[in-house]
1. For residues that are in a loop (DSSP other than H, G, I, E, B) and among the basic types (K, R), scanning just segment 197-215, find the one that is least open to solvent (accessible area, probe 1.4 Å).
2. Restricting attention to segment 380-398, does a residue exist that is open to solvent by less than 60 Å² (accessible area, probe 1.4 Å) and at pLDDT below 90?
3. Of everything in segment 426-465, what is at pLDDT below 90 and open to solvent by 40 Å² or more (accessible area, probe 1.4 Å)? Give them in sequence order.
4. With a cut-off of at least 3 residues that are modelled with pLDDT of 85 or more and of a type in the set (S, T, Y), name the strands (runs of 3 or more DSSP E) lying wholly within segment 57-137.
5. Among the residues of segment 95-111, what is the count of those that are surrounded by 14 or more Cβ atoms within 10 Å (Cβ to Cβ), among the small types (G, A, S) and under 10 Å from L143 (Cα atoms)?
6. Taking the criterion of being closer than 30 Å to L7 by Cα and in a helix (DSSP H, G or I), would at least one residue in segment 150-161 satisfy it?
7. List every residue pair whose Cβ atoms lie under 6 Å apart, where the two residues are 6 or more positions apart in sequence or sit on different chains, the first residue falls within segment 407-430 and is free of Cβ contacts under 8 Å to residues at least 12 places away in the same chain, and the second residue, located anywhere, is assigned to a loop (DSSP other than H, G, I, E, B) and within 7 Å of ligand 1 (Cβ to nearest atom).
8. Assess whether A24 counts as being closer than 30 Å to R184 by Cα, of a type outside the set (F, W, Y), open to solvent by less than 60 Å² (accessible area, probe 1.4 Å) and not in a loop (DSSP other than H, G, I, E, B).
Amino acid sequence: MTALGKLVRTTAFKLTLFYLTVFALFAVLLLGYFAWNTRRLITEQITETVDAEITGLSEQYRQGGIRRLVLIVDNRSRRPGSSLYLVTTSSGEGLAGNVGSLAPGVLDKAGWTETAYRRLDESEDAEHQALARVFQLPGGFRLLVGRDLEERERLHDIIVSAGRWSIAIVVVLGLSGGFFVTRRVLRRIDAMTGTTQRIMRGDLTGRLPIAGTGDEIDRLAGNLNTMLERIEALMHGLKEVSDNIAHDLKTPLTRLRNRCEEALRTARGEADYRAALETTIEESDRLIQTFNALLMIARTESGQGREEMTEFDAAEIARDVGELYEPLADEKGMSLKVEAPAPARLTGNRDLVSQALANLVDNAIKYARRDENGVANGEIVVAARDEGSGIELAVSDRGPGIPAGDRGRVVERFVRLEKSRSEPGSGLGLSLAAAVAHLHGGELTFEDNEPGLRAVITLPRTGPQPAPQLAS
Ligand SMILES: Nc1ncnc2c1ncn2[C@@H]1O[C@H](COP(=O)(O)OP(=O)(O)OP(=O)(O)O)[C@@H](O)[C@H]1O
Ligand SMILES: [Mg+2]
């Protein structure tokens, strides 16, 4: 498509054409009305003065006869101006006046006519238009009084030419304005098309240009960019999950397979097969657990679970989780204390928040059995507090803690610190806790408990933030 063709097809240009037509039509109507009205006014004025003059002259005729009329008409005919006078006998023979010739038959009919005429003192070919009234005088004489219409025609011409010019100017200005606006819009749309093509080719980092004018195109581009950011983040998450699954599930699956193969090779009786099968089932269970955890994280990160928001008490959750893990803590020779004196109500997904807190407690029991020097100090505190601006759920232990440099890393999927390898786990517990916090518009942070770790989930009371806000 040529550049001009593209321009002409745009909505902006079509709108310009539409408005241009409307304006031009309006201008024509306005000028037409003006022309018609002035013409009517001038005609009215002429008829009024001619009528008055005829009344005066016929009065003179009544009082002084034809002689007096001829005298007066003769006198008036000599005055310069646009007035026409003619007095004739009943046979049409001129007695006085300044009319040289008239269109044939004008004098035969009494009343108003618009006629071509020539003045007495003018050459043969001069011809004008006049509006005149023929009046039948008693005694067969006829009186014609009229006015030249040149002025009326001149005014008409002026209006017509003004009309032509103004329409021409409206069209020229409108078209060039339309071209200018359309080209500007088109240039921006072209830039956007370029970016979208790049994105379609697979480069998700492309963003639509924003002119900064805050107009509707900018708003649209801004919203599309927000959408692209979200898509990019989701794609990134998806890729990460699949990469991780590929990497981290391959090892246990291979191990599982090798163990089965070895059992087949070396087992000597039913007892051996049974043992091999039991370990296979155990490992499969762990694999299923890991799969489930991965799925839960992926779902949470993609915003699922937003639909099941209810209002609940975080203090109650802290107590429930404390109760659930107390036997396990006891078994490991640790103490678990719950500090949730006052209700801490918030809106959120109760199950996910419970699971996140449980993951933190599970970690504390697993990793804080001994401090850095290997001294047993198993005090764990689960706390829930209403901070006013939000709700804080914290798990503090007295273990080795997480070095400040590793605190950002441990929330990533499958990340386990070297010293924790001896404990069972797949490195997904904190990823889920962080995803749950984000889903609610909150965050998961780690503090030094001096010694030990204090893992804190902060959640806003108002519940989760809706999906990214789009400008409207
Ligand atoms: N309370 C803690 N004290 C010391 N280190 C911790 C603590 N909590 C977590 N960590 C470290 O962070 C790592 C990641 O924890 P995360 O809960 O994500 O995984 P995991 O506990 O190893 O496995 P999973 O929770 O999936 O069973 C742990 O492997 C551990 O090295
Ligand atoms: Mg864990």
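The values are calculated or read from the model by the stated rules, or taken from the named source; none is laboratory data. Everything numeric in this text was worked out from a predicted model, so none of it was measured. Here Cβ is always computed from backbone atoms with ideal geometry, including for glycine, and neighbour counts include all displayed protein chains. Just the protein is used for accessible areas: all its heavy atoms, side chains included, with ligands, DNA and RNA removed. Shrake-Rupley method; radii C 1.70, N 1.55, O 1.52, S 1.80 Å.
1. Kept after step one, since they are in a loop (DSSP other than H, G, I, E, B), are these residues of segment 197-215: 201-215.
Next, only the ones that are among the basic types (K, R) stay: 201, 207.
Numbers: R201: 181, R207: 63 Å².
Filtering first and then ranking leaves R207.
2. yes
3. S426, E450, P451, R461, T462, Q465
4. 83-88, 111-119
5. Qualifying residue count, segment 95-111: 2.
6. Start the filter on segment 150-161 by keeping residues that are closer than 30 Å to L7 by Cα, which leaves none.
Within segment 150-161 (the criterion being closer than 30 Å to L7 by Cα and in a helix (DSSP H, G or I)), the answer is no, since none of the residues qualifies.
7. From residues that are free of Cβ contacts under 8 Å to residues at least 12 places away in the same chain, the pairs are R409/V415; R416/G427.
8. On the way: closer than 30 Å to R184 by Cα: yes; of a type outside the set (F, W, Y): yes; open to solvent by less than 60 Å² (accessible area, probe 1.4 Å): yes; not in a loop (DSSP other than H, G, I, E, B): yes.
The answer is yes for A24.
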